[in-house]
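The values are calculated or read from the model by the stated rules, or taken from the named source; none is laboratory data. Computed from a predicted model, the values in this text were never measured in an experiment. FYI the Cβ positions are ideal-geometry reconstructions off the backbone, even for glycines, and counts take in every protein chain you see. All accessible areas refer to the heavy atoms of the entire protein, side chains included, with ligands and DNA or RNA removed. Shrake-Rupley method; radii C 1.70, N 1.55, O 1.52, S 1.80 Å.
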Amino acid sequence: MSQIFLDSANLQEIEEALGWGVLSGLTTNPSLMSKEEEPFEFLVKKICSLMGENPVSVEVLDTKAEGMVEEARHLAAQAPNVVIKIPMGVEGLKAVSRLNRKEEKIPCNVTLVFSVNQALLAAHAGAAYVSPFIGRLDDIGWDGVALVKEIVEVFSRQKITETKIIAASIRHPRHVHEVAAAGAHIATVPFRVLKQMAGHPLTDMGLERFLSDWGRARQEEGIRP
Ligand code: G3P
């Protein structure tokens, strides 16, 4: 079954979405973190503790492999469920392969993936997750869901099973069901989209009609609803 992660660093959103019982993990990024008032490390620890044993991706800010590895080690020490988000690129690949050495094995999520080749390289470097950004591809007139389909196919033909595909940069509910149909392991969904997924105008209208029919019948019987 494909999993739903929340793409957020907002504690209210996280607590609310956790209450729905549908989340299997969470992703953040520096843009999301920058919107919150809490200090960075407090937020990382708090989010990780709220998420229990589920993975929480937190991104490094250094742009050189050495710095990324140091930052990753520091972040990984904050909580056992931290996954290190590393931007795609040569420096990122070096960092992932170092963090993946068997004496350390810190799980990494390679982010800002826009091609099958980037996803392949991330998998070969030992990434636990790759994150193709589908909305940003759609924004420039490409097809984000098609990229996810291609990565799923190539990983399947190449028998790459250790690297999970997280469809990221989700903009609307249709993206979520399309990447699930394409075989993505995970969709990381902003809270706004998660709420849209739960609703449908016909559900609201249907419920309204059920309740009014019930109320009318009870009134006719002379019993207050
Ligand atoms: O977390 C990374 C990704 O989901 C960002 O999405 O909407 O900024 O393209 P967006």
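Determine the relative contact order of the chain: mean sequence separation of Cα pairs under 8 Å and six or more apart, normalised by residue count, in whole percent.
Numbers: 386 pairs, mean separation 36.4, N = 225.
For the chain, the relative contact order is 16 percent.
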Of the candidates Met197, Met205, Met33, which one comes out as most mobile in a Gaussian network treatment of the chain with C-alpha springs shorter than 10 Å? Met205
How large is ³J(HN,Hα), in whole Hz, for each residue of segment 87-101 in order, when computed from phi with the Karplus curve 6.51 cos²θ - 1.76 cosθ + 1.60 and θ = phi - 60°, using x for Gly and Pro? x, 4, x, 4, 5, x, 4, 4, 5, 4, 5, 5, 5, 8, 4
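I'd like the FRET efficiency for Thr63 and Ala217, computed as 1/(1 + (r/R0)^6) with the beta carbon distance as r and R0 of 41 Å, rounded to 0.05. Please report the intermediate quantities before stating the final value.
Details: r = 67 Å, r/R0 = 1.63.
About 0.05, to the nearest 0.05.
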For a label point 7 angstrom out from the Cα of Val116 toward its Cβ, which stretches of segment 145-175 have the backbone nitrogen within less than 20 Å? 145-168
Potential extension, Gln12-Ser24 segment - 0.36 nm per residue separation minus Cα distance: 2.6 nm
Going residue by residue through segment 70-79, the Karplus relation 6.51 cos²θ - 1.76 cosθ + 1.60 with θ = phi - 60° gives ³J(HN,Hα) values, rounded to whole Hz and with x marking Gly or Pro, of 4, 4, 4, 4, 5, 5, 5, 6, 6, 6
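Let me make sure I get this right: for segment 1-160, a, b and c are the square roots of the gyration tensor eigenvalues over alpha carbons, sorted descending. Under 1.5 in a/c it's rounded, otherwise prolate if a/b > b/c, else oblate. Which is it? Working shown, then result.
Values: a/c = 1.59, a/b = 1.19, b/c = 1.34.
Since a/c reaches 1.5 but b/c is at least a/b, the shape of segment 1-160 is classed as oblate.
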Nearest-0.05 FRET efficiency for Arg136 and Leu32 at R0 = 25 Å, using Cβ-Cβ distance, is 0.95
Mind checking which of Leu32, Leu11, Leu211 has the largest fluctuation in a GNM of the chain, springs on alpha carbons under 10 Å? Leu211
Could you please state how large a percent of the accessible area of segment 1-120 is carbon and sulfur, counting protein chains only and using a 1.4 Å probe? 51 percent
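First measure r as the distance between the Cβ atoms of Ser49 and Lys102, then evaluate 1/(1 + (r/R0)^6) with R0 = 41 Å and state the FRET efficiency to the nearest 0.05.
Working: r = 28 Å, r/R0 = 0.68.
Working from the Cβ atoms, E equals 0.90.
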In nm, give the distance between the simple-model label positions of Asp204 and His74, each being 7 Å from the Cα along the Cα-to-Cβ direction. 4.6 nm
Mind listing the phi-derived Karplus ³J(HN,Hα) values for segment 177-190, rounded to whole Hz, using 6.51, -1.76 and 1.60 with θ = phi - 60°, and x for any glycine or proline? 6, 5, 6, 5, 5, 6, x, 4, 5, 9, 10, 9, 10, x
Report the residue, chosen from Pro173, Pro201, Pro132, that carries the largest GNM mean-square fluctuation when the chain is represented by alpha-carbon nodes joined by springs under 10 Å. Pro201
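Students often get this wrong, so check it: of Lys35/Lys102; Lys46/Lys149; Lys85/Lys149, which have C-alpha atoms separated by over 31 Å? Provide the component values of the computation, followed by the final result.
Details: Lys35/Lys102 36 Å; Lys46/Lys149 35 Å; Lys85/Lys149 22 Å.
Over 31 Å apart, Cα to Cα: Lys35/Lys102; Lys46/Lys149.
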